[in-house]
Every structure is written in structure tokens, then in C-alpha cells.
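Quick notes on the structure that follows.
The values are calculated or read from the model by the stated rules, or taken from the named source; none is laboratory data. Being a predicted model, the structure only gives us computed values, none of them experimental. All Cβ positions, even for glycine, are placed from backbone atoms using ideal geometry, and neighbour counts span all protein chains on display. The protein model used for the area step is the full one, side chains on, heavy atoms only, and it has no ligands, DNA or RNA in it. Shrake-Rupley method; radii C 1.70, N 1.55, O 1.52, S 1.80 Å.
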Amino acid sequence: MPKITIQDFLKKKTEGKKITMLTAYDYPFAQIVDEAGIDAILVGDSLGMVVQGLENTLPVTMDEMIYHTRIVSRAVKNALVIGDMPFMSYQAGIKDAVRNAGRFLKEAGAAAVKLEGGAEVAEQIMAMTRSDIPVMAHIGLTPQSIHRMGGYKVQGKTEEAAKRLIEEAHMVEEAGAFSLLLEAIPRGLAEMITSELSIPTIGIGAGPSCDGQVLVLHDVIGMFERFVPKFVKRYANLKEEALRAISEYKDDVEKGAFPSEEQSFK
Ligand code: KIV
């Protein structure tokens, strides 16, 4: 199977085929996600919460994102690898934004980057696109804005807020984004944005009409329990399975059942 490109994203929208996307942060899981045939892997700054045990994504650094993106890229054969720009790697200025975005492609093997925001980052998107760095925009609930938003809340619920999100969707498309992630917005609003844009929308908590869907891998496989948003569907409980295996190993060691003859050298 050939490597998925941003052109394939656009083609899928035109052909009415759904785009699949998941996060991954390390080699073994990136390999599994890729092997499953998922179109795109986002090395999300959500790693701050699901891998590093942080309260939110704000403390995640560029160097940490580069480290994780590099090991994911090493594992992936087909999926499009997208590096997530962490808080304060693009907000302070255009030069900063382009340099940091460039690091994902130059040092970490990503083929695109994602950043949060609409109108306020349109210039950054334009400058990155001009530098041949494909950009996925992200509007709606933007976790890096947790303090402004006052928590992880559904966005675009009033007529005014919905109108603003529609305007921002058009702005990021005009700025050159190849795709737009819509997080935690009403399904009708996501449907409207999806039908108005020519670039594909990827939804997380944005209903079924988006051109594609993304979820955080650790939510999907039952490896993150601190909170489970309404939009998550858990497909496995790997924590339970890991706990069972590790407890069994502990018991075996304690009662002398491991290692047995089978695991010992003559
Ligand atoms: O960081 C992340 O994992 C995200 C999600 C929306 C998928 O941005």
C-alpha cells in the first residue's frame, strides 16, 4: 500500500469516502495503528495527559513533541503522520511558528502539522503553507485554550458562536489549511461546515457528517480513565487485560511457578 498523502485526504472527500485518524505516541502502538490501515496518525499533544500524566496539554514542549513524532514516524509505513504543535510553539509569532512547524518535517519525519485556532492563527497557517508545510487547522473545543474556555466544554452552541466558527472555518481554508479538525461542536454545525468547505473536516465529538473521524488512541483501547468524554467509544479494555497479566505474573513469581522448566536453561 502506498503512503497516504494530503492529496488522498482531498480525494477521499471528493469521492465521499470517510477518512480515519487516531493518535499514537510511541513505536509499538504506531505500528499497530498503521497496520490496521488507519489513514492518518496524529501525534497529539494529548500525550501530555494520556502518556505523561499531566492535568492538561499546556506544559508539553516542542522537544517532547519532536521526540514522540520521530518514534511514531519510525514505525509507520503507510499512514500520514501529523505532528501536533504544542502550546506557545506558534502563538507568539509567525517566524517561531514556521521554524517550529518545520522541525516536525525536518527532524521528526512528519508530513504535516496541526495547530489549534482560527482567525488568530490564519497568518501562521498562510506562512507555513507558503513554506511547503501542510497544515491541519483545529477549531471548536481547543484544549490549549482551556483557561479562556473555562474547561472542556462543547463550543458553537449559540447562534453567534456558530456563525463565528463557520467564518473561522472559511478563514483557515483560505489561509491554506489542507484539512480542518472540528472538536466538540453540535453535529448540525459540523455538517454545515463540512458541506461549505472544499477541504475535508475531521471530527472528534462533532457528529457523523464530518469527512473523517479522529479519537485519542488511549480512549479507544481503554488505557485512560481519568475522564471519558461523551464522544468517546471504547473498543477494548487493555488496562484490565494488562492488569490481569501483570497480577498473574506477580502471583507466579511469588509462589515459585515462574520460571518453570520451560523457561529455564539446562
Ligand atoms: O492532541 C490531540 O490528541 C488532539 C485530539 C483532538 C485528537 O488534538
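Contour minus end-to-end for Glu55 and Tyr27, with contour as 0.36 nm per residue of separation and end-to-end as the Cα-Cα distance?
So the extension gain works out to 7.7 nm.
Using helices alone, what [θ] at 222 nm do you get for the chain, with -39,500 (n - 2.57) per DSSP H run of 4 or more residues, divided over all residues and rounded to the nearest 500?
Per the formula, -12500 deg cm²/dmol.
Taking a cut-off of 21 Å, what percent of all Cα-Cα pairs in segment 1-153 are separated by more than that?
Tail of P(r) above 21 Å: 43 percent of Cα pairs.
Ignoring chymotrypsin sites (Phe, Trp or Tyr not before Pro) that are buried or in helix or strand per DSSP, and keeping those with at most 11 other beta carbon atoms within 10 Å, what is the longest stretch of the chain between them?
1-226
How large, in percent, is the carbon and sulfur part of the accessible surface of segment 1-131 at a probe radius of 1.4 Å?
57 percent
Dipole of the chain, Cα-centred, from +1 at each Lys and Arg C-beta and -1 at each Asp and Glu C-beta, to the nearest 20 debye?
Using Cβ point charges on Lys, Arg, Asp and Glu, the chain gives about 280 debye.
Using protein chains only and a probe of 1.4 angstrom, how many square angstrom of His147 are accessible, to the nearest 10?
Solvent-accessible area, nearest 10 Å²: 140 Å².
Please list the non-local residues whose amide H lies under 5 Å from the amide H of Ile19, H modeled 1.01 Å from N, same-chain partners needing a gap of 5 or more.
The list, which skips near neighbours in sequence, is Gly212, Gln213.
Pick from Gln52, Gln91, Gln155: which is most flexible by mean-square fluctuation in a GNM of the chain where alpha carbon atoms under 10 Å apart are linked?
Gln52
So which lysines can Lys250 reach, going by Cα to Cα under 21 Å and dropping same-chain residues fewer than 8 places off?
Lys239
I'd like the FRET efficiency for Ala92 and Ala161, computed as 1/(1 + (r/R0)^6) with the beta carbon distance as r and R0 of 22 Å, rounded to 0.05.
That pair, Ala92 with Ala161, gives E of 0.25.
Report Rg(Cα)/(2.2 N^0.38 Å) for the chain, keeping two decimals.
Relative to the rule-of-thumb radius for its length, the chain sits at 1.08.
Just the accessible area per residue of the chain, please: how many Å² with a 1.4 Å probe?
Per-residue value: 51 Å².
Tell me the label-point distance for the pair Arg234, Lys266, using the 7 Å Cα-to-Cβ offset, in nm and rounded to one decimal.
It is 4.7 nm.
Could you report the accessible area of Lys3 in Å², rounded to 10, computed with a 1.4 Å probe on the protein chains as they sit in the structure?
Answer for Lys3: close to 110 Å² accessible.
So if I restrict to the alpha-carbon atoms in segment 111-205, what is the Rg, and what is Dmax, the biggest pairwise distance, in Å?
Calculated on Cα positions, Rg and Dmax stand at 12.4, 37 Å.
Here is the link list: Lys18/Lys163; Lys18/Lys157; Lys17/Lys153; Lys11/Lys114; Lys12/Lys77. Which ones come out longer than 22 Å on Cα distance?
Too far apart for the 22 Å limit: Lys18/Lys163; Lys18/Lys157; Lys17/Lys153.
Tell me, what is the 1.4 Å probe accessible area of Val172, in Å² to the nearest 10?
It works out to around 0 Å².
Using only the heavy atoms of the protein chains and a 1.4 Å probe, how would Lys239, Lys17 rank by accessible area, largest first?
Lys17, Lys239
Taking the 0 to 90 degree range and rounding to the nearest ten, how far is the long axis of helix 159-175 tilted relative to the main principal axis of the chain, both from C-alpha atoms?
The helix 159-175 is inclined about 90 degrees to the chain.
On a full-extension model of 0.36 nm per residue, what is the gain between Lys255 and Asp132, subtracting their alpha-carbon distance, rounded to one decimal in nm?
38.3 nm
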